[in-house]
Amino acid sequence: MNIWAPILVLGGIALAFALVSVVAGSFTGPRRYNRARLDSYECGIEPTPQPAGGGRFPIKYYVTAMLFIVFDIEIVFLYPWAVTFDALKIFGLVEMLLFIATVFIAYTYVWRRGGLDWD
Amino acid sequence: MELFGRDVWWMVLLKAVVVFVFLVVMTLFTIWFERRVVGRMQHRIGPNRVGPFGLLQSLADGVKLALKEDIVPVAADKIVFFLAPILSVVPAFMVLAVIPFGGEVSIFGHHTMLQLTDLPVGVLYVLAVASVGVYGIVLAGWSSGSTYPLLGALRSSAQVISYEVAMGLSFVAVFLYSGSLSTSQIVGAQKSIWFAVALPISFLVYLVAMVGETNRAPFDLPEAESELVGGFHTEYSSLKFALFFLAEYINMVNVSALATTMFLGGYRPFWPFSQLDTGWWGPLWFMIKLMALLFVFVWLRGTLPRLRYDQFMKLGWKLLIPVSLVWIAFVAVIRTVNSQYGLSRSTIVAGGLSIAGLLIIASFVAEATARRKERAAEGGEVVEETEFDPFAGGHPVPPMPGQRLPVPVGVLALGAAPDGATGLSSPPGGDTDPDDVRADQEDTRA
């Protein structure tokens, strides 16, 4: 059997379990209509009216997401380099040190400009 | 590696079911274990009523959850609200597919590995599947159509992706040594020395990152009750909530299993049992290491208070990431120099220790500089000295920095000779050191 097949089998079992649980939840529990219970939960007060599309949230989350992409791509380059490290010898080492240094410069810039500060 | 992908169909099914049941049972067990251990740490007993030692407590809780009403809020996006718990729990189950529980054994006459399957890109697969779980969290918070879940989901996802970088970087040095992304080969590469010993900085970074990844105390900011109620699953109830709970505990088991595999020698035995390295002994050593790591999770929860959000992000972005990058560069240089010229073991160890020391000192210096700068900025502000009113607005209040305590009149005369009232003189003008003020207060009371 293909080496990926067992993963699909496990995923299939998990999916079946999750689906059954989610569907079963509406049958096993009681169902009594109550307008207040179906409101958004805000510790008892009238829920804040939500603008269409979920409203706005701090820009910092976007910055975090963009920084994550930068470093995740760096990791994507580091993994194959690390695996074939012994075959690449000195060439691989120098190339990757240059690459890490380049990303480090960008990282220092972000740090100095306050991109890593929360608040 | 050659045994993978050769199993007959019933063997694959058997192993998949065993992995699935293992995770569910581990979740039930870990919840009970956590409550008992935290209970002991807080001088309580913990759950001990349902079943022997209270072992069936989590099962009873699960049944109770199933009998609760399944609430779908009016403001919710119905379809996504329904799909989010599934999207959260299925990837959590799938991670354990590539974790080796043991070496080669024979089941009903069939030779097989105690591992569901292995991939040439095993660890990459783990990271990829674990990332899909973040979608479950984000969509759960968004689809609830409520404020607290949305904020909790944003925090949670920002936290997970921040620490995923540190986690990913901590693996690079391991791949340098093992030369493979396959989990079984990484375990094989640790035959002589565990990577936790060979690469201590990587291991430490991973330990911190794995707690951040799973949103566990002290990094459980997405569910900071005082700020966000329950976090992204505030609006969930019944079995949908149970699935999120399940996913959280499965993720705990997953990251611990990954730590065992990558750094603690996987299913290989440790010192006094080094001979018992065959067949069915593997799962035992694996479980001991796994339980030790799960205990660390519980221990942390019983010991540390929750971090503030900015402290948390600072730790991830300003400490773990630069330390990992410097460490990777150092390991790579040492390995190249070693293969070119051949270094003695003591030179490598000395070099490693000195770089670790340098990193720690550098982080302390950076911290101290930042603090000094902060203090300088604070000290620069001129604190306006004002008269202190101890009963402002009718309530007794403590003095703020820079406020001068009023000199008590009349009280002093009682029992104190006018000459001997050394400590009762009025505070020196302009001196508003809080310690002096406090000393004065105490003197006054005496």
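Just a few scattered comments:
- The one condition in (1) away from chain A (no Cβ under 12 Å); (2) part of a loop (DSSP other than H, G, I, E, B) that residue B:236 fails to fulfil: (1)
- Residue satisfying all of: in the stretch B:179-227; among the small types (Gly, Ala, Ser), outside any helix (DSSP H, G or I) and under 17 Å from residue B:267 (Cα atoms); modelled with the lowest pLDDT among these: B:192
- The set of residues in the stretch B:71-89 that are outside any helix (DSSP H, G or I) and either out of contact with any Ser or Thr (no Cβ under 6 Å at 6 or more places or on another chain) or free of Cβ contacts under 8 Å to residues at least 12 places away in the same chain (or both) comprises B:72, B:74.
- One residue alone among B:37, B:74, B:80, B:17 is within 30 Å of residue A:27 (Cα to Cα), surrounded by fewer than 20 Cβ atoms within 10 Å (Cβ to Cβ) and not assigned by TED's automatic domain parsing to the domain that holds residue B:240, and that residue is B:17.
- Residue that is farthest from the other protein chains (Cβ to nearest Cβ) [pool: residues in the stretch B:45-70 that are part of a loop (DSSP other than H, G, I, E, B) and of a type in the set (Val, Ile, Thr)]: B:45
- Residue count, the stretch B:148-162 (criterion: in contact with a Leu (Cβ under 9 Å, 6 or more places away or on another chain) and more than 8 Å from chain A (Cβ to nearest Cβ)): 6
Table: residues versus (1) over 24 Å from residue B:198 (Cβ atoms); (2) aliphatic (A, V, I, L, M).
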{"residue": "B:235", "(1), (2)": "yes, no"}
{"residue": "B:240", "(1), (2)": "yes, no"}
{"residue": "B:261", "(1), (2)": "no, no"}
{"residue": "B:300", "(1), (2)": "yes, yes"}
{"residue": "B:306", "(1), (2)": "yes, no"}
{"residue": "B:319", "(1), (2)": "no, yes"}
{"residue": "B:325", "(1), (2)": "no, yes"}
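- You will find that of A:57, A:99, A:71, the residue that is hydrophobic (A, V, I, L, M, F, W, C), within 29 Å of residue B:370 (Cα to Cα), at the interface with another protein chain (Cβ under 8 Å from one of its Cβ atoms) and surrounded by fewer than 17 Cβ atoms within 10 Å (Cβ to Cβ) is A:57 and no other.
- Residue in the stretch A:30-41 that is exposed (fewer than 14 other Cβ atoms within 10 Å of the Cβ), aromatic (Phe, Trp, Tyr) and under 29 Å from residue B:240 (Cβ atoms) present: yes
- Residue count for the stretch B:40-60, restricted to those that are under 26 Å from residue B:92 (Cα atoms) and either surrounded by 18 or more Cβ atoms within 10 Å (Cβ to Cβ) or in the same structural domain as residue B:251 (by TED's automatic domain parsing) (or both): 2.
- Per-region count, the stretch B:71-87, residues more than 9 Å from chain A (Cβ to nearest Cβ) and not hydrophobic (A, V, I, L, M, F, W, C): 2
- Scanning the stretch B:98-120 for residues that are surrounded by fewer than 17 Cβ atoms within 10 Å (Cβ to Cβ), among the aliphatic types (A, V, I, L, M), closer than 28 Å to residue B:210 by Cα and touching a Pro at 6+ places or on another chain (Cβ under 7 Å) turns up nothing.
- If you go through the stretch B:1-44 and keep only what is outside any helix (DSSP H, G or I) and hydrophobic (A, V, I, L, M, F, W, C), you end up with B:1, B:3, B:4, B:8.
- In the set (1) closer than 20 Å to residue B:246 by Cα; (2) part of a loop (DSSP other than H, G, I, E, B), the condition left unmet by residue B:101 is number (1).
- Here residue B:20 does not fit the description of being more than 10 Å from every other protein chain (Cβ to nearest Cβ) and either in contact with a Gly (Cβ under 6 Å, 6 or more places away or on another chain) or in contact (Cβ under 8 Å) with a residue 12 or more places away in the chain (or both).
Okay, residues lined up against (1) assigned to a loop (DSSP other than H, G, I, E, B); (2) at negative phi; (3) modelled with pLDDT under 70; (4) β-branched (Val, Ile, Thr):
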| position | (1), (2), (3), (4) |
| --- | --- |
| B:373 | no, yes, no, no |
| B:382 | yes, yes, yes, yes |
| B:396 | yes, yes, no, no |
| B:408 | yes, yes, yes, no |
| B:421 | yes, yes, yes, no |
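- A single member of B:234, B:336, B:260 is closer than 30 Å to residue B:75 by Cβ and crowded, with 18+ Cβ neighbours inside 10 Å, and it is B:234.
- Some residue of the stretch B:340-356 being outside the structural domain of residue B:222 (by TED's automatic domain parsing), closer than 30 Å to residue A:113 by Cβ and modelled with pLDDT of 70 or more: yes
- Residues in the stretch B:275-297 that are free of Cβ contacts under 8 Å to residues at least 40 places away in the same chain, farther than 24 Å from residue B:107 by Cα and either touching a strand residue (DSSP E or B) at 6+ places or on another chain (Cβ under 7 Å) or not aliphatic (A, V, I, L, M) (or both): B:289 only.
The values are calculated or read from the model by the stated rules, or taken from the named source; none is laboratory data. No experiment lies behind these values; they were computed from the predicted model shown. Virtual Cβ from ideal backbone geometry, glycine too; neighbours counted across all protein chains shown.
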